[in-house]
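Since the structure comes first, as structure tokens, the remarks are kept for the end.
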Amino acid sequence: MKVKFCQSCAMPMGDEDELYGTNGDGTRNEDYCKYCYQDGAFTADISMEQMIEVCVPHMVAANPGMSEDEARNRMREYFPSLKRWKNG
């Protein structure tokens, strides 16, 4: 089973419905997590760089020994490949 990642914040979502965002009709959105996408719209109108800053503390907390700079640099490399941030 391939791990699915939110295409906005890169959070691993797994198979459990409670982490997935929702479409306008209430169905599960396969691309985005509930923190980034609800009721068919993004929850925040922010830039990729702002999203990275929101995510830095979470990534550091999930990866003991990782510095904020390392987390930030990894996300700056990875985020442009995510659906929300491609071509923009």
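The values are calculated or read from the model by the stated rules, or taken from the named source; none is laboratory data. Keep in mind that what you see is a predicted model, and the values were worked out from it rather than measured. In this analysis, Cβ positions are derived from the backbone assuming ideal geometry, glycine residues included, and neighbour counts consider all displayed protein chains.
Observations on the model:
- Within the stretch 12-27, residues that are over 13 Å from Gln38 (Cα atoms) have Cβ atoms under 7 Å from residues that are assigned to a helix (DSSP H, G or I) in these pairs: Met13/Leu19, counting only partners at least 6 apart in sequence or on another chain.
- Here is the figure for the stretch 61-88: residues that are hydrophobic (A, V, I, L, M, F, W, C), assigned to a helix (DSSP H, G or I) and touching a helix residue (DSSP H, G or I) at 6+ places or on another chain (Cβ under 7 Å) total 3.
- Annotation: of all residues in the stretch 28-47 being over 10 Å from the mean Cα position of the chain (by Cα) and not in a strand (DSSP E or B), the one that is farthest from Lys86 (Cα to Cα) is Asp39.
- Of note, Gly14 does not satisfy the criterion of being out of contact with any strand residue (DSSP E or B) (no Cβ under 6 Å at 6 or more places or on another chain), of a type in the set (Gly, Ala, Ser), modelled with pLDDT of 95 or more and outside any helix (DSSP H, G or I).
- Residue in the stretch 50-60 that is assigned to a loop (DSSP other than H, G, I, E, B) and among the hydrophobic types (A, V, I, L, M, F, W, C) present: no
- When the stretch 63-88 is filtered for residues that are over 27 Å from Asn23 (Cβ atoms) and loosely packed, with under 12 Cβ neighbours inside 10 Å, the ones remaining, listed by number, are Pro64, Gly65, Ser67, Asp69, Glu77.
- Under the condition of being in contact with an Asp or Glu (Cβ under 8 Å, 6 or more places away or on another chain) and among the hydroxyl-bearing types (Ser, Thr, Tyr), the residues counted in the stretch 9-63 number 3.
- Single residue of Asp39, Asp17, Asp31 found to be of a type in the set (Asp, Glu) and loosely packed, with under 11 Cβ neighbours inside 10 Å: Asp17
- Any chance Cys6 is touching a strand residue (DSSP E or B) at 6+ places or on another chain (Cβ under 7 Å), within 17 Å of Pro80 (Cβ to Cβ) and either small (Gly, Ala, Ser) or buried (at least 19 other Cβ atoms within 10 Å of the Cβ) (or both): yes
- For the stretch 28-50, the set of residues classified as of a type in the set (D, E, K, R) and either in contact (Cβ under 8 Å) with a residue 60 or more places away in the chain or farther than 18 Å from Met75 by Cα (or both) consists of Arg28, Glu30, Lys34, Asp39, Asp45, listed by residue number.
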